[in-house]
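The values are calculated or read from the model by the stated rules, or taken from the named source; none is laboratory data. The structure presented is a predicted model; accordingly, all values stated were derived computationally and were not measured. When we count neighbours, we look across all protein chains shown, and the Cβ atoms used for this are built from the backbone with ideal geometry, even at glycine. Calculation scope for accessible area: heavy atoms of the full protein, side chains included, ligands and nucleic acids excluded. Shrake-Rupley method; radii C 1.70, N 1.55, O 1.52, S 1.80 Å.
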Amino acid sequence: MAGTKFAYVRNFELPDSVIPDTYLVVRIDGKGFHKFSKAHDFAKPNDAAALELMNEAARYVMQSLKGQVALAFGESDEYSFLLRKSTTLYSRRNSKITTHIVSLFTSAYVWNWSKFFPNQPLLHPPSFDGRMVVYPNDQVVRDYFSWRQADTHINNLYNTAFWALVLQGGRTEQEATKELEGTFSADKHEILHTKFGINYDQLPPIFRKGTTLVWTTNTSEPLTPTQDAGSSTTSPSKTTASHPGLAESSVDADEASQGPVLANAKDEKLRLKIERKRAAKDAKKQEKRDKKAQLSTLRTLHCDIIGQDFWQAPQVATQPAQHGSAQIPQSARDVSSSQPWNDPVRFDGTGLGVSVFLD
Ligand SMILES: Nc1nc2c(ncn2[C@@H]2O[C@H](COP(=O)(O)OP(=O)(O)OP(=O)(O)O)[C@@H](O)[C@H]2O)c(=O)[nH]1
Ligand SMILES: [Mg+2]
């Protein structure tokens, strides 16, 4: 049909590729989930199975777009997906990427519903909207995820206090709203503690900290600068290049062949310095590629991502986490009895965010 008189309509389609070498975050949000959660009798203020269903749908997105999505964070009826700076998915077209993620998520949510709600039929089709935001650097990406986790905390503290007043304290919803008006965080902690014997800090981390999904090495050990050389499965030449020390020492041997030796000693010194810098940069790039290639395990975490611990390699390597018990539940019975969200292996994310910015 390309050559017909109608083909000119193609010109009305505007390009919507986003600029290269920037981080893309796609945030999806449940449409009308206030009503949806009521209709499907979600527990108040948090329904762990509903949250785990969101996590399952997000894991499906990450598996489907492996290598493109580095990290995801979810709370309530929303999920944010961070695409790698280097992604060329759909030529970086905003509408294609966003709609594909929304579609993958929504279909996985519906597909898995009965596993998480065996006794509650799906009464109407849920839907999600999505938007993409472009972020220029690591710091603003970290601040974005800090913002979402801070929001999780603020909302959850409010909702926990609100529903304690209504469900345990016998207040009407209007009375509870009024009682919480103008209160600070400390006041809500106090209300929960003194009136209802609830220690907010002891509530399940999934409620307080949301869920972070991140690709890690299959040993679940955080990536550290010295760890990769011995355990690498890459080719010997790559292994050598991935070790900064080895790479730099081999630079000297190679230098003679990199270019003509300059007659002026000062120029020659400068040339060698530039060569050395270039080689070190190449080695560093290769090291990052090697590490990225090892990211084969998707971890589900309920840990702090506002502080440094998640993002920085620990000084001393931590014990490899046993993630066998935190596998994706296979059946509805598994979900309610195994309660994967309470598995302590999900609570320690030390150093696991290091992989996120490997590009
Ligand atoms: N009971 C219960 N409700 C939940 C849970 N998670 C999310 N919700 C509901 O989902 C809502 C999500 O907030 P919003 O996204 O602002 O509300 P919405 O109704 O989806 O509105 P739009 O996103 O604008 O369409 C919350 O206000 C709750 O009513 C849960 O675990 N338990
Ligand atoms: Mg919503």
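General observations
- For the pair LYS44 and ASN137, a Förster radius of 22 Å applied to the C-beta separation gives a FRET efficiency near 0.05, rounded to the nearest 0.05.
- Ranked packing of 30-36, 106-112, most packed first, by mean Cβ within 10 Å: 106-112, 30-36
- Accessible surface for SER91 stands near 80 Å², nearest 10, in the context of the full protein assembly shown (1.4 Å probe).
- Placing R0 at 45 angstrom, the Cβ-Cβ distance between PHE6 and ARG278 gives a FRET efficiency of 0.25 after rounding to 0.05.
- Approximate spin-label separation ILE154-LEU270, in nm, with each point projected 7 Å along Cα-to-Cβ: 5.4
- Residues in the range 138-156 that a label on GLN168 would reach, taking backbone N under 20 Å of a point 7 Å out along Cα→Cβ: 153-156
- Hits among lysines - C-alpha to C-alpha of LYS284 under 30 Å, sequence gap 8 or more where chains match: LYS66, LYS85, LYS238, LYS266, LYS269, LYS273, LYS292
- Modelled this way, with points 7 Å down the Cα-to-C-beta line, the labels at GLU190 and SER336 are 4.0 nm from one another.
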